[in-house]
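The values are calculated or read from the model by the stated rules, or taken from the named source; none is laboratory data. Quick caveat, the model's predicted, so the values are computed rather than measured. So basically every Cβ, Gly included, is an ideal-geometry build from the backbone, and we count neighbours across all protein chains shown. For accessibility, only protein heavy atoms count, side chains too; no ligands or nucleic acids. Shrake-Rupley method; radii C 1.70, N 1.55, O 1.52, S 1.80 Å.
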Amino acid sequence: MARTIGRVLGRPLEAERISVEEERAALPAAGLPPVCADGIVAAHRAMEAEPEPVVTGFEALVGRPARTFRQWVEDRLAAAR
């Protein structure tokens with residue numbers, strides 16, 4: 001994801017893995033209640049270990065083709081400008 005965002009921005013980006021303790025400490029600072037930190041950290045680690053599968057049927061559900069992550073980033077960047 002960082003690589004794709006960097007390509008859209010036109011510059012390389014790097015993602016740095018932080019420890020569970022660093023993530024847990026950063027969440028309240030980001031405005032999330034401390035009581036939620038353990039659940040959020042556990043969910044993040046679970047998604048790394050077993051990413052959610054890509055599902056089909058989006059187009060039938062919403063009536064248009066799904067966009068790529070890159071297209072989503074490009075849309076957000078245009079809106080931010």
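From its DSSP helices (H runs of at least four residues, each -39,500 (n - 2.57)), the chain gives a residue-normalised ellipticity at 222 nm of -18500 deg cm²/dmol. Put simply, the amide H of Ala66, placed in the peptide plane, has neighbours under 5 Å in Glu59, leaving out anything fewer than 5 places away on its chain.
The apolar share of the surface of the stretch 17-81, taken as the fraction of accessible area on carbon and sulfur atoms (1.4 Å probe, ligands and nucleic acids excluded), comes to 62 percent.
Ranked by solvent-accessible area (1.4 Å probe, protein heavy atoms only, all chains present), the residues Arg17, Arg81 order from largest to smallest as Arg81, Arg17. Positive-end ranking of Leu13, Ile40, Gly63 along the dipole of the chain, with charges on Cβ about the Cα centre, is headed by Gly63. Near Thr68: Cβ cut-off under 14 Å, other residues only, Lys/Arg at +1 and Asp/Glu at -1. The net charge is +3. A simple charge model with +1 on the Cβ of Lys and Arg, -1 on the Cβ of Asp and Glu and nothing else charged puts the dipole of the chain at about 520 debye relative to its Cα centre. Counting Lys and Arg as +1 and Asp and Glu as -1 over every other residue whose Cβ lies under 15 Å from the Cβ of Gly6, the net charge comes to +2. Shape of the stretch 25-74 from the C-alpha gyration tensor: prolate (a/c of 1.5 or more and a/b above b/c, with a ≥ b ≥ c the square roots of its eigenvalues).
In the chain, which longest range has no GluC sites (Glu not before Pro) that are both DSSP loop (not H, G, I, E or B) and surrounded by at most 11 other Cβ atoms within 10 Å? By the stated rule (loop sites, at most 11 other Cβ atoms within 10 Å), 17-81.
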